[in-house]
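Written out below as structure tokens is the structure these notes cover.
Values in this text are rule-based calculations from the coordinates and carry no lab data. Since the model is a prediction, treat every value here as computed from it, not as a measurement. Methodologically, a virtual Cβ is constructed for each residue, glycine included, from the backbone with ideal geometry; neighbour enumeration extends over all protein chains shown.
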Amino acid sequence: MASRLAEQSRQRAQEAEQRRREADLGAELARVLLRAGDLREALPTAAARLAGALDLPSATLELQVREGDERSLAFPLREGSRQIGTVLVPAGTPEATLRRLQERVTPSLEALLAGALERDALLVDVVETRALRRSDVLKTALLRTVSHDLRSPLTTILTAAGPLGSATLADDERRELAGAVAQEARRLAR
């Protein structure tokens, strides 16, 4: 009876240690994947942490659909019905480790990877929005400049053209106004 209780206690302690390691792994993967400037560059580091936590010689994280082969087993990472990545572990991985990976590690890894991908998509949107905003500012400035460049000659032309039809206007004044109209028209033609 005492040996059975000791064995149960030992198993519970081992399971508690595994759960602690899994929680630490989740926190570490969150730090690596969510703080990464480039998600693809962070994947090898995250895979190394995963391999270390599961006592595996290696692990690979990919952002693409991959199939296992004679050397590796593949675990798809999904967001809803869409596969967003794959975890590859060595083919000789013990069954208990595969179960831990499938049941406890993969769900949190899926959520972290989905969050990191969403963050990357949002960053792309922010960059595009900033570029569009800058483009709009430039367009507005250009339109204001063109508008001003058009208004000045048109105002001069209209101001000078009005009196040209007057019978009381002296010839030298008429020539001066006609010259101003011609000069501003040439300015517009540039």
Given only helices, namely DSSP H runs of n ≥ 4 each adding -39500 (n - 2.57), what is the per-residue ellipticity at 222 nm of the chain, to the nearest 500 deg cm²/dmol? -25000 deg cm²/dmol
Between Ala96 and Arg144, the two model label points (7 Å from Cα along the beta-carbon direction) sit apart by a distance in nm of 7.2
Only Cα pairs within less than 10 Å get springs; with that Gaussian network setup on the chain, which residue of Thr155, Thr168, Thr140 has the largest fluctuation? Thr168
For the stretch 57-190 the mean separation of alpha carbon contacts under 8 Å (6+ apart) over residue count, i.e. relative contact order in percent, is 15
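Can you tell me the length gained on complete extension of the stretch Thr168 to Ala111, counting 0.36 nm per residue apart and subtracting the Cα distance? Can you show the working numbers first?
Values: separation 57, 0.36 × 57 = 20.52 nm, distance 8.64 nm.
That works out to 11.9 nm of additional length.
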Place +1 on the Cβ of every Lys and Arg and -1 on the Cβ of every Asp and Glu in the chain, take the dipole about the Cα centre, and give the residue among Thr159, Leu61, Thr106 whose Cα lies farthest towards its positive end. Thr159
5 Å binning of all Cα-Cα separations within the stretch 133-189, expressed as whole percents from 0 upward: 4, 19, 20, 16, 11, 10, 7, 5, 4, 2, 1
Length gain on complete extension for the stretch Arg175 to Glu7, per 0.36 nm per residue less the alpha carbon to alpha carbon distance? 49.0 nm
Estimated FRET transfer efficiency (Val137, Arg187; beta-carbon r; R0 25 Å; 0.05): 0.40
Among Ala178, Ala116, Ala13, residue whose mean-square fluctuation peaks in a GNM of the chain (springs only between Cα atoms under 10 Å): Ala178
Cα pair distances exceeding 19 angstrom across the stretch 2-120, given as percent: 47
For the chain, which longest stretch is free of loop sites, where a loop site is one of the GluC sites (Glu not before Pro) that DSSP puts outside H, G, I, E and B and that has at most 10 other Cβ atoms within 10 Å? 71-190
For the stretch 51-190, radius of gyration divided by Kirkwood radius, i.e. Rg to Rh on alpha-carbons: 1.67
